[in-house]
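Worksheet: the structure to be examined is printed underneath.
The values are calculated or read from the model by the stated rules, or taken from the named source; none is laboratory data. Since this is a predicted model, take the numbers as computed values, not measurements. Neighbour counts run over all protein chains shown; Cβ positions are idealised from the backbone, glycine included. Please note that ligands, DNA and RNA were not included when accessible areas were found on the heavy atoms of the full protein model with its side chains. Shrake-Rupley method; radii C 1.70, N 1.55, O 1.52, S 1.80 Å.
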Amino acid sequence: MLKYYEALADQIAARGIDLGAVKQKLHDQKIELPSWSFGNAGTRFQVFSWPGAARDIHERVADAAFVNNLTGVAPSIAIHIPWDKTEDYSALKQEAETQGISIGAVNPNWFQEPQYKLGSLCSPDAGAREEAIAHGVECIEVMKAVDGSLLSVWLADGTNYAGQDDMRSRKHRLEHGLAELYKEIPDGKRMLVEYKFFEPAFYSTDLPDWGTSYAMCLKLGPKAEVLVDTGHHAQGTNIAQIVMFLLDEGRLGGFHFNSRKYADDDLIVGTVNPLELFEIFYELVRGEDKAANVAYMLDQNYNIEAKIEGAIISVINCQTAYAKALLVNRAKLAEAQAAGDVLGAHRLMMEAYETDVRPLLAKIREEKGIDPDPLAALKASGYEKKIADARGSSGSGWA
Ligand code: RM4
Ligand code: MN
Ligand code: MN
């Protein structure tokens, strides 16, 4: 790939794009890996065992660090509590740091305990609500101990039948529960509020869409921002427009990237609809400084595919979409838009999207001092065989 770099550089310059600025942005890009993607996972039909799947948080950290070493742009790992529960969180922070990564977002788990059958923060059961708040506070303590800056809130709360619970009361319980957690968020740290339009509840979801999350964040205060999980939208939703709106309002906290064909499939980002991912990254580029604090996280599982390879491809797909978005000539685009040149404007977007940026990404890696081809480096490393031999096939799933 590297041998094609000069030709690409000429092509980019001829389009009036500042290649040095593009490269700087690509050098600075960061994608956070989810700890849960390194263990065994599956659907509600079956969890498949994968040789070498991580068995605990220590192995998940090692795998994430390995992916960071090969890609150069994945320097943190998100954790899910209690899946990643450990005795000593400052030791965990140290352990990650010695391997060159940090602990990122802390994700409370409000959906796997029996008391959460009817919900967590929104449950009709006051005891369940109290436990849910206590768990959130515990996770904020974990966030402090690992020196993370994000509490990532996703609730499985909702109802399955009309009349099952009073939706208005649930809204009030949600406001109360979130406010109790918000009080505990230290200055300089943030609470990201995720939404999902269905599943596991199917009649109503207490935080069903970005607008509801946004309304909650406005009530809570400036440390609360919306988290966009790309898998959590109805067919046809324009996610790029949601990204634009939240950025412009200063309330886009971050992403959970994945791909979906139908539902919350958690497939590898950029595989089902790479054009949509490009459109999202274009809005992030367009947002300029307003996108400075956005957290880019993956939320995926590799169920039938190789996990380390899946993580590397996910990171590369995010780099690819970002690189292409950086190649849009925005000055020309603005001219075409102002002139009402509908298809001229569209072609400027597509010209960037259709550019083969692989030589550029290879060049960035070379400049970072890593192998220009991370997948070849993975094969050459023997890492997959090493972990398969050491760990066997008993890696923990959603424990
Ligand atoms: C949910 C949501 C959350 C994730 C869980 C495991 O659908 O995307 O972010 O933590 O799945
Ligand atoms: Mn998510
Ligand atoms: Mn999801």
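The number of residues in region 263-277 being away from ligand 2 (no atom under 16 Å from the Cβ) and over 14 Å from Ser314 (Cα atoms) comes to 2.
Of the set (1) free of Cβ contacts under 8 Å to residues at least 60 places away in the same chain; (2) within 16 Å of ligand 3 (Cβ to nearest atom); (3) open to solvent by 20 Å² or more (accessible area, probe 1.4 Å), all apply to Ser259 but (3). The residues of region 372-390 that are of a type outside the set (A, V, I, L, M, F, W, C) and open to solvent by less than 70 Å² (accessible area, probe 1.4 Å), listed by number, are Pro372, Pro374, Ser381, Gly382, Tyr383, Glu384. Being more than 13 Å from ligand 2 (Cβ to nearest atom) and over 15 Å from the mean Cα position of the chain (by Cα) is a property that Met191 lacks.
If you go through region 25-84 and keep only what is free of Cβ contacts under 8 Å to residues at least 60 places away in the same chain, of a type outside the set (Gly, Ala, Ser) and part of a helix (DSSP H, G or I), you end up with Asp28, Ile57, His58, Arg60, Val61, Asn68. Just one of (1) buried (at least 23 other Cβ atoms within 10 Å of the Cβ); (2) part of a helix (DSSP H, G or I); (3) within 16 Å of ligand 1 (Cβ to nearest atom); (4) not acidic (Asp, Glu) fails for Leu246. It is (3).
Within the span defined as region 329-350, one or more residues are outside any helix (DSSP H, G or I) and closer than 17 Å to Val285 by Cα. Look at region 108-120: where a residue is open to solvent by 70 Å² or more (accessible area, probe 1.4 Å) and more than 16 Å from ligand 2 (Cβ to nearest atom) and a partner is in a loop (DSSP other than H, G, I, E, B) and polar (S, T, N, Q), sitting 6+ places away or on another chain with Cβ atoms under 9 Å, you get Glu113/Ser120; Lys117/Ser123; Leu118/Gln164. Considering the conditions (1) closer than 23 Å to Leu375 by Cα; (2) more than 16 Å from ligand 3 (Cβ to nearest atom), Tyr214 is excluded by exactly one of them, (1).
Residues checked against (1) away from ligand 3 (no atom under 16 Å from the Cβ); (2) without any contact (Cβ under 8 Å) to a residue 24 or more places away in the chain; (3) closer than 18 Å to Gly119 by Cβ; (4) buried (at least 16 other Cβ atoms within 10 Å of the Cβ):
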position: Leu181; (1), (2), (3), (4): yes, no, yes, yes
position: Glu184; (1), (2), (3), (4): yes, no, no, yes
position: Leu192; (1), (2), (3), (4): no, no, no, yes
position: Glu199; (1), (2), (3), (4): no, no, yes, no
position: Tyr203; (1), (2), (3), (4): yes, no, yes, no
position: Leu207; (1), (2), (3), (4): no, no, yes, yes
position: Ile242; (1), (2), (3), (4): no, no, no, yes
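When Trp210 is tested against (1) more than 16 Å from ligand 1 (Cβ to nearest atom); (2) more than 19 Å from His80 (Cα to Cα), only condition (1) is not met.
Within region 102-198, which strands (runs of 3 or more DSSP E) (wholly inside it) include 2 or more residues that are small (Gly, Ala, Ser)?
Working: elements: 102-108, 150-153, 190-194.
Those strands (runs of 3 or more DSSP E) span 102-108.
Of the residues Glu279, Glu335, Glu351, the single one that is surrounded by fewer than 24 Cβ atoms within 10 Å (Cβ to Cβ) and within 24 Å of Gly211 (Cβ to Cβ) is Glu279.
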